[in-house]
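Single-structure report; data block below.
Nothing in this text is a laboratory measurement; each read-out follows from the coordinates by a stated rule. Bear in mind that the values here come from a model prediction, so they are computed numbers and not experimental data. Positions of Cβ are backbone-derived with ideal geometry, glycine not excepted, and every protein chain shown enters the neighbour counts.
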Amino acid sequence: MTTPMLEIRDLHVRIEEENKAILKGVNLTIPHGEVHAVMGRNGSGKSTLSYALAGREGYEITDGDVLLDGESIVDMEPDERAAAGLFLAFQYPIEIPGVATMTFLKAAMNAQRKAREQEELSTPDFRKAVREAAGKLSIDTDMLKRALNVGFSGGEKKRAEVLQMALLQPKMCILDETDSGLDIDALQIVSEGVNGLRSPQRSMLVITHYQRLLNHIVPDRVHVFSDGRVVESGDKDLALELESKGYAAFDGVPA
Ligand SMILES: Nc1ncnc2c1ncn2[C@@H]1O[C@H](COP(=O)(O)OP(=O)(O)O)[C@@H](O)[C@H]1O
Ligand SMILES: [Mg+2]
């Protein structure tokens, strides 16, 4: 059997501050090259899953394991996970006043190269990489001179996020789009970005509340999340079934 890209085994996560168990035994396996979707009602623990995978502070893994391409990541720091090829697109992108987007991208790329013991990119090589990636995403280079995410529209934030993903070339991308209320513009950007980055060497986990995103990003598998667990898995049609029947049909919890 080939090693999956991501294997989540019986993952239990507790929020330290609240001393509250949120994830109660998540099992999820994503093979190389596949795009999986996680859908679930608000509060079911989807964002907690993405934070725990990224290694965010305050989310304690109390049981279980997460393997990235066969290697356990649960004891790694967030930057080590990123260097190992994990990328998390935040639901609410952070704003970095005073740091031009270009400068941020260069720092992010070089931090990753350093962790991988590769040489820093020269400025001309970096500029070339950004120009190419930005061109494909129809990003105006003027946007890259502005401070990262500061005053960016929703669509611009999404573009900046997909640009980071394109430049860092992660092997496992996690996109949490749950509550962000994607408008048509942002929906288009995310879908095109994700579809453009699909490859046999890259897997993706798309977390969403909205079935319509999955009309644009057609997933290989859909998982229904409820009360900190995967309660049902199926092919792309499961998303449609979920929309017509509602979550209650799958988790027994009244809407
Ligand atoms: N930082 C936190 N402190 C306290 N409770 C939290 C925190 N983050 C999430 N929760 C709780 O964990 C549960 C799952 O939340 P979340 O993972 O955001 O769900 P979803 O993304 O599916 O809407 C909710 O009951 C939420 O109130
Ligand atoms: Mg969420």
Output needed: percent of Cα pairs per 10 Å distance bin for the stretch 182-255, bins running from 0 to the one holding the longest distance. 17, 48, 29, 6, 0
Nearest 10, in degrees from 0 to 90: the angle of helix 154-168 to the longest Cα principal axis of the chain is 80
In debye to the nearest 20, how big a dipole does the chain give about its Cα centre with +1 on each Lys and Arg Cβ and -1 on each Asp and Glu Cβ? 700
With the chain reduced to its Cα atoms and the Debye formula applied, log10 I(q)/I(0) at q = 0.09, 0.12, 0.15 1/Å amounts to -0.39, -0.71, -1.11
Give me the base-10 log of I(q)/I(0) for the stretch 1-72 at each q in 0.12, 0.27 Å⁻¹, Debye formula, one uniform scatterer per Cα, rounded to two decimals. -0.32, -1.33
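Students often get this wrong, so check it: of Lys106/Lys157; Lys46/Lys128; Lys136/Lys245, which have C-alpha atoms separated by over 28 Å? Show your work: numbers first, answer last.
Values: Lys106/Lys157 17 Å; Lys46/Lys128 37 Å; Lys136/Lys245 38 Å.
Exceeds cut-off: Lys46/Lys128; Lys136/Lys245.
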Using +1 at the Cβ of each Lys and Arg and -1 at the Cβ of each Asp and Glu in the stretch 1-59, identify which of His32, Asn42, Pro4 lies farthest towards the dipole's positive end. Asn42
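I want the local charge near Asp125. Using Cβ-Cβ distances under 14 Å, sum +1 for each Lys or Arg and -1 for each Asp or Glu among the other residues. All intermediate terms of the calculation are to be shown ahead of the outcome.
Numbers: positive: Lys106, Arg113, Arg127, Lys128, Arg131; negative: Glu119, Glu120, Glu132.
Surrounding charge for Asp125 is +2.
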Report the Cα-based extents of the stretch 103-255 along its three principal axes, largest first, to the nearest Å. 56, 33, 23
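Within the set of other residues whose C-beta is less than 12 Å from the C-beta of Glu57, count the net charge using Lys and Arg as +1 and Asp and Glu as -1. Could you put the intermediate results ahead of the total?
On the way: positive: Arg56; negative: Glu16, Glu17, Glu60, Glu77.
Around Glu57, the surrounding residues sum to -3.
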Hey, which aspartates and glutamates would be in cross-link range of Lys158, C-alpha to C-alpha under 19 Å, not counting anything within fewer than 8 residues on its own chain? Glu95, Glu132, Asp140, Asp142, Asp176, Glu177, Asp179, Asp183, Asp185, Glu192
In a Debye calculation with equal point scatterers on the alpha-carbon sites of the stretch 19-133 and no solvent, what is log10 I(q)/I(0) at q = 0.12, 0.18 Å⁻¹? -0.58, -1.12
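Quick one: net charge around Pro4, please, counting Lys, Arg +1 and Asp, Glu -1 for every other residue with C-beta under 14 Å from its C-beta.
On the way: positive: Arg9, Lys171, Arg202, Arg221; negative: Glu7, Glu34, Asp65, Asp69, Glu71, Asp220.
Within the 14 Å Cβ shell, the charges total -2.
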Tally the DSSP beta bridges in the stretch 164-255 and give the antiparallel ones as a percent, rounded to 5. 55
